[in-house]
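**Student:** One structure coming up, written as structure tokens, with questions to follow.
Nothing in this text is a laboratory measurement; each read-out follows from the coordinates by a stated rule. Since the model is a prediction, treat every value here as computed from it, not as a measurement. All Cβ positions, glycine included, derive from the backbone under ideal geometry; neighbour counts span all protein chains shown.
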Amino acid sequence: MTNAAEYPARVREAFPEAKLSVQSFRDRTVLVVEPADLHDILQHLKDHQGFEFLVDVTAVDYDGYPTPQPGRFGVLWILRNFDAEADLVVKTHVDPSMPTDGIEEDPALVLKSSCDLWNAAEWREREVFDMFGIRFTDHPDMRRILTWKDFPGHPLRKDYPLRGRGEREQYKVVTRDEVL
């Protein structure tokens, strides 16, 4: 069994010019990489370090977060190496170049897709796109997956209104007494 904390050093050896940092939280190792190096590092982890299983791709909106982050959105790939019984999180940050309260596509919120590495990334990247508005280039089917095509925004952004932007007004409010 290999300790996941060893993998960032291996990545640093393979990518000496890359700007990397390592975080650890509750025995989970997080390798933070720059968006430009992301795909190459993910490919290295899969092809040379045994991280053949993609557990998840998800994102975090750090708007209003108490400690400063390199970008507003963090996008995370959770990887598993079954032979070494090791998990590793690879995270990158992207920062919007325009206000995020609308539905316009922001050219700064784009990353290279990992679908060519793991087929399982297809739906997970679509969910990140739908919920956060982060698009993935070279993705085979970059469209919404949880909301409809013309949904007005991205609901997991912290500046999205809790009650929505009018998408619920057409429905009748049903009380508990009416249901029973």
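**Student:** Can you sort 175, 100, 137, 29 so the residue with the fewest Cβ neighbours within 10 Å comes first? Walk me through the numbers on the way to the answer.
**Tutor:** On the way: 175 7, 100 22, 137 10, 29 19.
Ordered from fewest to most neighbouring Cβ atoms within 10 Å, 175, 100, 137, 29 come out as 175, 137, 29, 100.
**Student:** To make sure I understand, if each residue's beta carbon is the centre and we count other beta carbons within 10 Å, what order do 171, 62 fall in, fewest to most? Mind showing how you got there, number by number?
**Tutor:** Details: 171 7, 62 18.
Neighbour counts put them in this order, fewest first: 171, 62.
**Student:** I'm spelling it out carefully: the read-out is Cα extents along the principal axes in Å, the candidates are (i) 64, 35, 19; (ii) 46, 42, 35; (iii) 60, 41, 36, and one was derived from this structure. Which label?
**Tutor:** Checked against the structure: label (iii).
**Student:** Can you pull the Kirkwood radius for the range 79-173, inverse mean 1/r over Cα pairs, to one decimal in Å?
**Tutor:** Numbers: mean 1/r = 0.0660 Å⁻¹.
So the Kirkwood estimate lands at 15.1 Å.
**Student:** Just to check I understand the Karplus step: with θ = phi - 60° and J = 6.51 cos²θ - 1.76 cosθ + 1.60, what whole-Hz values come out for the range 67-80, glycine and proline as x?
**Tutor:** Ordered by residue, 3J(HN,Hα) equals 10, x, 10, x, x, 5, 10, x, 10, 10, 10, 9, 10, 10 Hz.
**Student:** Quick check on the exposure proxy: order 136, 82, 15 from fewest to most C-beta atoms within 10 angstrom.
**Tutor:** On the way: 136 22, 82 10, 15 15.
So the ranking, lowest neighbour count to highest, is 82, 15, 136.
**Student:** Using a basic spin-label model with each label point 7 Å from the Cα along Cα→Cβ, how many nm lie between residue 36 and residue 123?
**Tutor:** 3.6
**Student:** Relative contact order of the chain, please, whole-number percent, based on alpha carbon pairs below 8 angstrom and at least 6 residues apart.
**Tutor:** 17
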